[in-house]
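Notes follow the structure.
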Amino acid sequence: MEETIILSSVAEGIIASLGSLPVKEIVQRWGAEGELEKLKDTVSTIKAVLRDAEEQQDGNPEVRAWLERLKNPMYDVDDLLDDVSSENLLGEMTSTRDKMKKKEWNVFSKSNQVLQHPSHIGHRIKGVRETLDAIAADRKFPIGGHHAKIGIENKKRGDTYSFVLEEDVIGREEDKNAVIALLLDSNVGENVSILPIVGIGGLGKTALAQLVFNDQKVKEHFELKVWVCVSDMFDVKILVENIIKSATRNKQEDVGMDALTQSLKNLIDRKKFLLVLDDVWNEDREKWSRFKSLLMGGARDSRVLLTTRSKMVAKITKSIEPYLLKGLGKQDSWSLFKKIAFEEGKEPENTRIAAIGREIVAKCVGVPLAIRTIGGLLYFKNPETELLSFMTIELSRIPQNENDIIPTLKLSYDKLPLHLKQCFAYCSLFPKDYEFKKSTLIYLWMAQGFISVSNQHQELEDIGHDYFMHLLWRSFFQEATVDEFGDVIGCKMHDLMHDLATSVAGSLITNLNSIDFIDEKTRHVSIDSFSVVTTLLSMSTRIRTLLFLHEGRGMTESTCDAIFSSFQLLRALNINASELEPSSISKLKHLRYLDLSRSTMVKLPYSITSLQNLQTLRLSFCRYLEELPSDIKKLVNLRHLEIDGCDYLRYMPRGFGELTNLRTLSKFVFPSDLVSKDCGDLSELNKLNNLRGKLVIKIGRHGKDVALQCKAANLKEKKHLHALYLSWNYKSNGSDAITEDVLVEELEGFQPHPNLKSLNIWNYRGGIFPSWLLSLMNLVRLSLSCCEKLQYLPPLSELPSLKSVYLEDLLALEYILNSGDSNESVEMNAETLVMDLDLLLSFPRLSTLCIVDCPMLTSMPTFPSVEEYLELSNVSLKPLQQTMMMNKEVKAQRSTPTAIASSSTLVASPTPLSKLKQLKLHRIGDLESLPEKSLWNLTSLEYLSIGHCDALDVSNDEDGYAMARLEEPRLS
């Protein structure tokens, strides 16, 4: 399988650069406008045919050869224009005093090796333009129209059919029964409902659909069953023709759409039918809606079962939640492999051969098609002598014929838009089983220019997120991980998908540890070891990505300087955990992405401020880093600054607020003293309203002026922030002088935007909480720690989205208000408890509640809906008792005439905490015995830990039997 050459995004970047003001200005000063216009015409002409050529390359060697010739010159033009733009920008930032001086700096600077003379730029542009003109003139093949589909049509998938021998399918009985149950479920609302089966290529979606289609219960349930293989051509007219043909066994005459629609209506009208649409690729919602409307005449409980590799297809078609097909288990995989690979399907008597076979099966990760393909190859090999060598040498070099898994997966790749193809191929830089961070991929894609915006209102990061999610939906990524808000933050790539990415990337993208040489056409490199750096230095200088995937400790200063000197075209560089201060990094003026995380440096080199194109700077867990460069404001294109875990960072530089392009700022430090004349204050945050994700603010100084700065930070305008961490620090010799009113005013000034999802406050010493807390209607997580003077909290139960609450070391906290209460202490007990509708719905979404070291807390809203985890430690038992008593009080009230008369207004009240899975009770001083019958009501409880409750006596407790059924009961 050959590399997929994609140059259209490079061409788009070139045209954007040619139209940019910095390039126009500098070329105009040098009198090269004519050459610039000619170059623009040439690139525009090439761009007009590039997409068609890129689509054709797999099926047309002549097209591929032409694209191969274009590759280096196109990259050269891109690099040249980036040079011009970077030098102009750097020159403008160098001096603000003398306009003439700043205009001439970038022209005559000795450090500028590319643009040393005004006439040089014209010669360079002319040279690359003439090269491109010659290549464009050499194009002999036609472009446009139907030719663009050649590469895909030559590899069209063969038609599928509805029959399969059940004994040929292994390990899908449970899946078959689950799908049948969904198809026969009569509680689905629509007359005709759609159930997608989703999974990567080779999992056996078609085989599963065949098993379901031929099941006896399915045959008896549906009056009409129809099987149609859709594949890549989702044409409504052709689909209707094929449905009629499959149902009637007669081929339709060439008639119009109206006649076909009437024939379909006559076929399915008032009949309970099952239609299987196999191998669906269409992601056009409008096309699907037009087709679906033709099926609505079927009787109630009619079903459409479709198979697809794309979660996007499932999303736009489903009326029943998609069935996500997974790989086979270990034993079923081994059973299938034995059947294919060994004589008569018997397990080898030689245990060593069996062990090697199981290792080979493990590499197939449960994909039946991969198991069958590899097993079929091994059937013709001598297991005694060839099995081991196959596993260690040949497995990664399986011949690419039509029955192999990689070409099957490549069908999915062929369907991708070009911008997703290059993003997917780029992932081959990382090793197999690597857990991608979504943000890392997006920032790297941005650095390489893979992400483009079509209008000024679009954000690169949002488009990158869409790219990532499309690859996930189409099963190119798997095992997605989500954060507490349900947002996808990472994923893995199936090994077979990784093989595919490596195949289509070709020589453009290389992991240097897996080869002994590097091609001159290679642009992106990842390295596991510094031992191969010398190999890289001697073979290529056109590298755009260089990622050291493991720690950089041991890299010498000379090696580091050699990298910066040799690879001046780098757009992305990762050297994490290094012990060096990369002072010569200023040579990398093209750099967009720099990761120096976990490095031991105390200061960033000042030269880093010359990296005018830098978009992402990652310094996470540089624990010894004390300060950022005073002129960091020069990084005008910086969008992401990650400094979480930089515990020794003392302050933020003055002028930091000029970085208005920032989207990520993980921490802002406001020190207790003016530690430097360059120290900025909280008002630096004022204009950074594009910040998103998480922001930690450390406040070390206090007073009326600081309270004004807190308000000037303007957090209420930062609508994209999801998580806010506020941390107060106090000087040991001055904290007593701070009045409580000032501290309350400080927190009041930090009012966030209502979009905030997570709020964490540490060491706040005010006695009350500001009213803005109840405006955070989207708040999912609330954590308050070490707020030692806080006496009460507003009614947290009024926050409808709240899922997690953590209260720790709130030593003065006495109560949390209920909805409608005034700011007076309310002692709730069995006599005063009023069970109205609001209380029954208290904390409706709460999943986790932890209250630790709040010894004065005796009253709070009840929490009957907590599902996952409840922890009470060094706190009164009363809040738990009040919650457990809810059921009794409701029953008692419903027995009164008033309650009976108004019962229609009350919701059904489930047993409190009946869904709770884990309960931890530690240091509960007033816990003398477990509440009567309480554990019997906790019907979902799996874990119980009761410890250091000195007054507790469980020797005669009636709940002993209930505790015995728990998975992990603990008493200490």
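Every number in this text was worked out from the coordinates using simple rules, so none of it is lab data. For clarity, every value in this text was computed on a predicted model and none was experimentally measured. Reconstructed Cβ throughout: ideal geometry from the backbone, glycine too, with neighbour counts over all protein chains shown.
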Task: In nm, spacing of pseudo-spin labels at T261 and E2 (7 Å Cα→C-beta vector) - done: 4.5 nm
Open item on the list: Exceeding 25 Å between C-alpha atoms, which entries from my cross-link table qualify? They are K432/K603; K694/K716; K421/K521; K338/K410.
Closed with: K432/K603; K338/K410
Task: Separation of alpha-carbon centers, segment 201-226 and segment 322-374, rounded to whole Å - done: 25 Å
TODO: Report, ordered by chain and residue number, the lysines lying within cross-link reach of K915, taken as a straight Cα distance under 27 Å and ignoring same-chain residues fewer than 8 apart.
DONE: K757, K803, K878, K888, K891, K933
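Going through segment 611-648, which chymotrypsin sites (Phe, Trp or Tyr not before Pro) have at most 14 other Cβ atoms within 10 Å and a DSSP loop state? Show your work: numbers first, answer last.
Values: sites: F621, Y624, Y648; in loops: F621, Y624, Y648.
Hits after loop and neighbour filter: Y624, Y648.
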Open item on the list: Less than 22 Å apart at the alpha-carbon level, and either on another chain or at least 8 residues along: which lysines does that give for K287?
Closed with: K149, K156, K237, K245, K265, K311, K315, K318, K415
- [ ] May I ask for the distance between the Cα centers of segment 538-611 and segment 230-296, given as a whole number of Å?
- [x] 58 Å
TODO: Could you calculate the contour length gain from T911 to Q881, that is, 0.36 nm times the residue separation minus the distance between their Cα atoms, to one decimal place in nm?
DONE: 9.5 nm
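How large is the Kirkwood hydrodynamic radius of segment 166-324, in angstrom, based on all distinct alpha carbon pairs?
Numbers: mean 1/r = 0.0632 Å⁻¹.
After inverting the mean inverse Cα-Cα distance, the result is 15.8 Å.
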Open item on the list: List the lysines whose Cα sits under 26 Å from the Cα of K339, skipping any in the same chain fewer than 8 residues away.
Closed with: K176, K205, K326, K330, K363, K381
TODO: For M555, enumerate residues with amide H under 5 Å from its amide H, sequence gap 5+ or separate chain, H modeled in the peptide plane.
DONE: E579
Open item on the list: Given a Förster distance of 60 Å, report the FRET efficiency between K237 and D561 from their Cβ-Cβ distance, rounded to the nearest 0.05.
Closed with: 0.35
Open item on the list: For the pair D483/C850, report the inter-label distance in nm, with labels modelled 7 Å from Cα in the Cβ direction.
Closed with: 1.8 nm
